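Just below is one structure, and these are the notes that go with it.
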Amino acid sequence: MVGIAGTSRQVLLRRGGPADRDWIVRSSGSTFATFGDYRDIIERWLAARGVASVVAEEAAGPLGFSIVYPHRRLGSLRPSFVELVAIVVAPTERDRGLGRSLLDRSELLARAWGAREIRLHTARENDGAQRFFLRAGFRPRTAAPSFYPRGQAAIEMARRFG
Ligand SMILES: CC(C)(COP(=O)(O)OP(=O)(O)OC[C@H]1O[C@@H](n2cnc3c(N)ncnc32)[C@H](O)[C@@H]1OP(=O)(O)O)[C@@H](O)C(=O)NCCC(=O)NCCS
């Protein structure tokens, strides 16, 4: 359980499962609508072998999620890196530390898989997300022009573990 800053609310962080799929897909679709139809993209990620999700929820329902995917070279159990595919907190619940809790839990998973690095792409125009990741120790790596279905550019960011 993690607390929500400024309230007495307690939120459960748990591994996602098949029952979470519809909400995650719907929520991705609305959050990332400006980048194209993300529902299909997220559905495919959720079907990928080895993928995992983390869900933040309270009794009233889910509040956020993250999706992580271990990139493994052929024949290797240890991922060469883990990709943070998406992280979303419901708009009314942002800026209270929930995103950071999801990120920390995603990193724990990556470490448990034996990875030494976590990487992600975020839109070049998404200043808020870049600030959020910078604060969490991620550093920009490369630019990816035309990364999203509608042609927006992304920045790849990465964080190496000690
Ligand atoms: C990016 C995102 C997941 C961050 O989630 P969040 O719950 O708002 O994140 P946090 O609350 O942990 O941190 C965000 C900000 O709140 C601040 N914050 C963290 N804990 C806080 C607290 N206890 N009290 C007040 N503010 C706090 C942080 O300092 C941070 O500030 P910053 O904008 O100056 O960096 C969320 O904004 C989101 O869902 N965005 C849309 C989807 C997206 O862009 N995802 C990233 C690309 S995949």
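Here PHE35 meets the list (1) free of Cβ contacts under 8 Å to residues at least 60 places away in the same chain; (2) more than 28 Å from GLY114 (Cβ to Cβ) almost entirely, failing just condition (1). Only one entry of ARG105, ARG116 meets the criterion of being at pLDDT 95 or above, of a type in the set (D, E, K, R) and more than 24 Å from GLY29 (Cα to Cα), and that entry is ARG116.
Going through the stretch 135-161 one residue at a time, which ones are within 24 Å of GLY97 (Cβ to Cβ), among the hydrophobic types (A, V, I, L, M, F, W, C) and surrounded by 13 or more Cβ atoms within 10 Å (Cβ to Cβ)? Selection gives ALA136, PHE138, ILE155, MET157, ALA158.
Screening the candidates LEU103, LEU77 for the property of being among the hydrophobic types (A, V, I, L, M, F, W, C) and within 13 Å of the ligand (Cβ to nearest atom) yields one hit, LEU103. Taking (1) at pLDDT 95 or above; (2) loosely packed, with under 14 Cβ neighbours inside 10 Å in turn, LEU77 satisfies each apart from (1). Pairs linking a residue in the stretch 143-162 that is over 21 Å from TRP113 (Cα atoms) and of a type in the set (Lys, Arg) to a residue that is in a loop (DSSP other than H, G, I, E, B) and modelled with pLDDT under 95, with Cβ atoms under 7 Å and 6 or more positions apart or on different chains, are ARG150/GLY36. Within the span defined as the stretch 89-97, one or more residues are farther than 13 Å from LEU13 by Cα and either touching a strand residue (DSSP E or B) at 6+ places or on another chain (Cβ under 7 Å) or aliphatic (A, V, I, L, M) (or both). Pairing each residue of the stretch 74-102 that is within 19 Å of GLU156 (Cα to Cα) and among the charged types (D, E, K, R) with any residue that is within 7 Å of the ligand (Cβ to nearest atom) and in a strand (DSSP E or B), provided the two are 6+ apart or on different chains, yields C-beta distances under 7 Å for GLU83/LEU120. Scanning the stretch 1-17 for residues that are within 12 Å of the ligand (Cβ to nearest atom) and aliphatic (A, V, I, L, M) turns up VAL2, ILE4, ALA5, VAL11.
Within the stretch 106-120, residues that are within 13 Å of the ligand (Cβ to nearest atom) sit with their Cβ atoms under 7 Å from residues that are basic (Lys, Arg), at 6+ positions apart or across chains, in these pairs: ILE118/ARG159.
Residue-wise test of (1) out of contact with any helix residue (DSSP H, G or I) (no Cβ under 8 Å at 6 or more places or on another chain); (2) surrounded by 18 or more Cβ atoms within 10 Å (Cβ to Cβ).
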residue: ARG73; (1), (2): yes, no
residue: ILE87; (1), (2): no, yes
residue: GLU107; (1), (2): yes, yes
residue: GLN130; (1), (2): yes, no
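The values are calculated or read from the model by the stated rules, or taken from the named source; none is laboratory data. Predicted, not measured: the structure shown is a model, and the values here were computed from it. So basically every Cβ, Gly included, is an ideal-geometry build from the backbone, and we count neighbours across all protein chains shown.
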